[in-house]
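Notes follow once the structure below has been shown.
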Amino acid sequence: MACFSRSWSSPLSFTDPFILGALADDDLADYIEGRFTSSGRDPGAALDWLLRLANGHPQRAMLLAHLLWDALHPGEPATEEHWEYVLARVEAFVRDEFEASWGALASVERGMVEAVASADAGLPARSTFAPFGLTKGGAPPAASRLDAAGILAVDRSWATGYRLVDPLFARWVAAGRRWA
């Protein structure tokens, strides 16, 4: 995940991407629980849901944690209702960004993003590219462009080697570019 930029040739520059991979769930859980506890709040069962949705993405994990923290009163453990509130509020934070990102994609790139978002474990079989407007020859170049843009990542743990970097964007695309 490209989270911020830094150049190795100067103290601080915004020229070269610095790649920060996914954070481990245990590390995120410890950090989030510690911050909640220090302010008298309890992430409760919502912490597991948060970790599952964030999928190690640092920025999205912190956004979700912030919204959850904000939904709670001191001493009150998070419930399913709090988590539903978080999911309803997160849309306001990312909608414009997602719509702008979507609008900037070429149709073949949109098809690639939809194919990856709709699959449980990466891209579906090549025979199922057609519903997404993809061809056997068009998908790899689109994937390369999306990878370079930080939208798609090569991930060998997925069946065909791709996943969307932003788990909230993946959820939004999979739900038909609306909030489910």
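Mind telling me which of the residues LEU105, LEU134, LEU146 ends up being hydrophobic (A, V, I, L, M, F, W, C), over 13 Å from the mean Cα position of the chain (by Cα), farther than 27 Å from VAL90 by Cα and modelled with pLDDT of 75 or more?
Working: LEU105 fails: farther than 27 Å from VAL90 by Cα; LEU146 fails: farther than 27 Å from VAL90 by Cα.
After applying the criteria, what remains is LEU134.
Does GLU91 meet the test of being among the acidic types (Asp, Glu) and either exposed (fewer than 13 other Cβ atoms within 10 Å of the Cβ) or touching a strand residue (DSSP E or B) at 6+ places or on another chain (Cβ under 9 Å) (or both)?
no
Could you tell me whether the stretch 117-126 includes any residue that is closer than 28 Å to LEU63 by Cβ, at pLDDT 80 or above and assigned to a loop (DSSP other than H, G, I, E, B)?
Initial filter on the stretch 117-126 (closer than 28 Å to LEU63 by Cβ): 117-123.
Checking the rest, the ones that are also at pLDDT 80 or above come to 117-118.
Subsequent filtering for residues that are assigned to a loop (DSSP other than H, G, I, E, B) retains none.
Checking the stretch 117-126: not a single residue is closer than 28 Å to LEU63 by Cβ, at pLDDT 80 or above and assigned to a loop (DSSP other than H, G, I, E, B).
If you go through the stretch 28-47 one residue at a time, how many are surrounded by 11 or more Cβ atoms within 10 Å (Cβ to Cβ) and assigned to a helix (DSSP H, G or I)?
Here the count works out to 11.
Name the residues in the stretch 162-179 that are in a loop (DSSP other than H, G, I, E, B) and either surrounded by fewer than 20 Cβ atoms within 10 Å (Cβ to Cβ) or not β-branched (Val, Ile, Thr) (or both), would you?
Step one: filter the stretch 162-179 for residues in a loop (DSSP other than H, G, I, E, B), giving 165-166, 175-179.
Passing the criteria: ASP166, ALA175, GLY176, ARG177, ARG178, TRP179.
For residues that are surrounded by fewer than 21 Cβ atoms within 10 Å (Cβ to Cβ) and in a helix (DSSP H, G or I), scanning just the stretch 48-60, find the one that is farthest from the chain's Cα centre (by Cα). Give the derivation first.
Kept after step one, since they are surrounded by fewer than 21 Cβ atoms within 10 Å (Cβ to Cβ), are these residues of the stretch 48-60: 48-49, 52-53, 55-56, 58-59.
If we keep only those that are in a helix (DSSP H, G or I) too, we end up with 48-49, 52-53, 58-59.
On the way: ASP48: 16, TRP49: 14, ARG52: 11, LEU53: 8, PRO58: 9, GLN59: 9 Å.
Ranking the candidates gives ASP48 first.
Scan the stretch 65-72 and give yes if some residue there is farther than 17 Å from ASP27 by Cα and assigned to a loop (DSSP other than H, G, I, E, B), otherwise no.
Our first condition is that a residue be farther than 17 Å from ASP27 by Cα; within the stretch 65-72, this holds for 67-72.
Add one more test, that the residue is assigned to a loop (DSSP other than H, G, I, E, B), and what stays is 72.
Yes, the stretch 65-72 contains a residue that is farther than 17 Å from ASP27 by Cα and assigned to a loop (DSSP other than H, G, I, E, B).
The values are calculated or read from the model by the stated rules, or taken from the named source; none is laboratory data. Here the structure is a predicted model, which means the values were calculated and not measured. Please note: Cβ atoms are built from the backbone with ideal geometry, for glycine as well, and neighbour counts cover all protein chains shown.
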